[in-house]
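A.B. asks: Take a look at this one; I'll ask things after.
Read-outs throughout are calculated quantities, based only on the coordinates presented, and are distinct from any laboratory measurement. Just so it is clear, the structure is predicted and the values come from calculations on it, not from any experiment. Cβ placement follows ideal geometry from the backbone for every residue including glycine, while neighbour counts extend to all protein chains displayed.
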Number of protein chains: 2
Amino acid sequence: MPSPGAGPAHPPLSQSQLAAWRSFLRAHTVITRALERELVASQRLPLAEYDVLVQLDSAPGGALRMSQLADQVLLSRSGLTRLVERLEGAGMVRRQVCPSDARGSLAVLTEAGRERLREAAPSHLNSVRSHFADALTEDQLEELHQLLERLLEQLPEGDPGEGGCSAVEPGPAEAGECGA
Amino acid sequence: MPSPGAGPAHPPLSQSQLAAWRSFLRAHTVITRALERELVASQRLPLAEYDVLVQLDSAPGGALRMSQLADQVLLSRSGLTRLVERLEGAGMVRRQVCPSDARGSLAVLTEAGRERLREAAPSHLNSVRSHFADALTEDQLEELHQLLERLLEQLPEGDPGEGGCSAVEPGPAEAGECGA
DNA sequence: GTGACATAATTGCTTGCACAAGCATATACA
DNA sequence: TGTATATGCTTGTGCAAGCAATTATGTCAC
């Protein structure tokens, strides 16, 4: 793809484009902040950590390679290393050498980690509902989902190296009793 | 509102709710990263700084009170202080005491800042198009906008004190020649 | 088997943000 | 006028994240 900086054509964005873009940014920031604030306040658990627990919980055996986990939580590898260190220090995760490739590490959810997730999930899910899901009907959510998927599909390229923000997602619908 | 942590009802989120929520997070992260990467690569300008320039450019007189600016760019007050310091060091902004209230500061866009914005805007707008706007039709953008506005409307409360993420938005459609 | 290169994760360093405390000014009220 | 309180911004501090460099392991060619 040509350098995005130098494209010859740059008509201003249309009103719809601009408005949609702005509300997209604002909605994400506002909602995300609220969820973070509420989860930390009620559970002492940052969203990024919650997200890691969820991903591990929904992985087979509660274990995931570091790289794969980093991709799933949209964090850089180094960022994930530190995050998992914290979780390890708190007893929620342990690390073990990958049996099939000694270069790799497995992050494994401990029983304590699973328990922590179970405790925290209801709070977080309530937050997601109250700041996000409850504002829209099922049909509207479906519509939103499809629009967003369309955005994701057309991305010029899957990011290479480091992913990076952080996120937070409840488990895969029916995984542990707390994805629910 | 009752503590979100303790809500008595916590049915799991529905598939639609979950799917929409996940794609929302992922889309934001992926798109935002791409824009940041491209703007820094092509213009040496982080999105947060670009956003401040845009907000100032579209304000009357190119000036804004610090607090108001912080609210607009969704940054904490202290965060904005530091950001404006950086811009000031780079000559893109200057500060002056607010004439009507000596406690306040005005951040004022300099000619150099305006020029910098003019240079950077085409690149950024191209990025917004290629990673966001071009994926959807005008109708779809309109639809997306309305769904997101609905989310924003129903927020339990406008955040009090410190806002905080960062964002990036092109100017108000018809402001300077670079909002366009 | 040995050497060149790829890949996984970690470590050092830098940057940017938020929270809390502090300083200066403004406002209310006696 | 003088004192108490609120407001606007900045500074001190700590933390989390990314990039670049490093270490350890795996893979392939020969």
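A.B. asks: Please find the FRET efficiency linking residue B:152 to residue A:102, where r is the Cβ-Cβ separation and R0 is fixed at 56 Å, and quote it to the nearest 0.05.
C.D. replies: 0.70
A.B. asks: Kindly give the distances from residue B:95 to its copy-mates, label point to label point, with each label point 7 Å from Cα along Cα→Cβ, as nm values to one decimal ordered shortest first.
C.D. replies: Between copies, matching label points for residue B:95 lie 4.1 nm apart.
A.B. asks: Could you run the Karplus curve 6.51 cos²θ - 1.76 cosθ + 1.60 with θ = phi - 60° over the stretch A:53-67 and give me ³J(HN,Hα) per residue in whole Hz, x for Gly and Pro?
C.D. replies: In residue order, the calculated couplings are 4, 4, 4, 5, 4, 8, 8, x, x, x, 10, 8, 5, 4, 4 Hz.
A.B. asks: Please work out which residue of chain A brings its Cβ closest to the axis of the rotation superposing A onto B, and round that distance to whole Å.
C.D. replies: Closest Cβ to the A-to-B rotation axis, residue and whole-Å distance: A:28, 2.
A.B. asks: With a/c under 1.5 counting as rounded, go ahead and sort the stretch B:19-60 into rounded, prolate or oblate using the C-alpha gyration tensor (a ≥ b ≥ c being the square roots of the eigenvalues; past the cut-off, prolate if a/b is larger than b/c, else oblate).
C.D. replies: Taking the square roots of the gyration eigenvalues as a ≥ b ≥ c, the stretch B:19-60 is oblate.
A.B. asks: Residue A:111 label points, 7 Å along Cα→Cβ, one per copy: pairwise distances from this copy to the rest in nm, shortest first?
C.D. replies: 7.3
A.B. asks: Moving on to the next point. Treating only the Cβ atoms of Lys and Arg (+1) and Asp and Glu (-1) as charged, compute the dipole magnitude of the stretch A:28-148 about its Cα centre; round to the nearest 20 debye.
C.D. replies: Dipole magnitude for the stretch A:28-148 comes out near 680 debye.
A.B. asks: Calculate, in nm to one decimal, what residue A:76 and residue A:119 gain on full extension: separation in residues at 0.36 nm each, minus their alpha carbon distance.
C.D. replies: Roughly 12.8 nm would be gained on extension.
A.B. asks: Measuring label to label, 7 Å along Cα→Cβ, what does residue B:78 give against each other copy in nm, shortest first?
C.D. replies: Relative to the other copies, residue B:78 has label-point distances of 2.4 nm.
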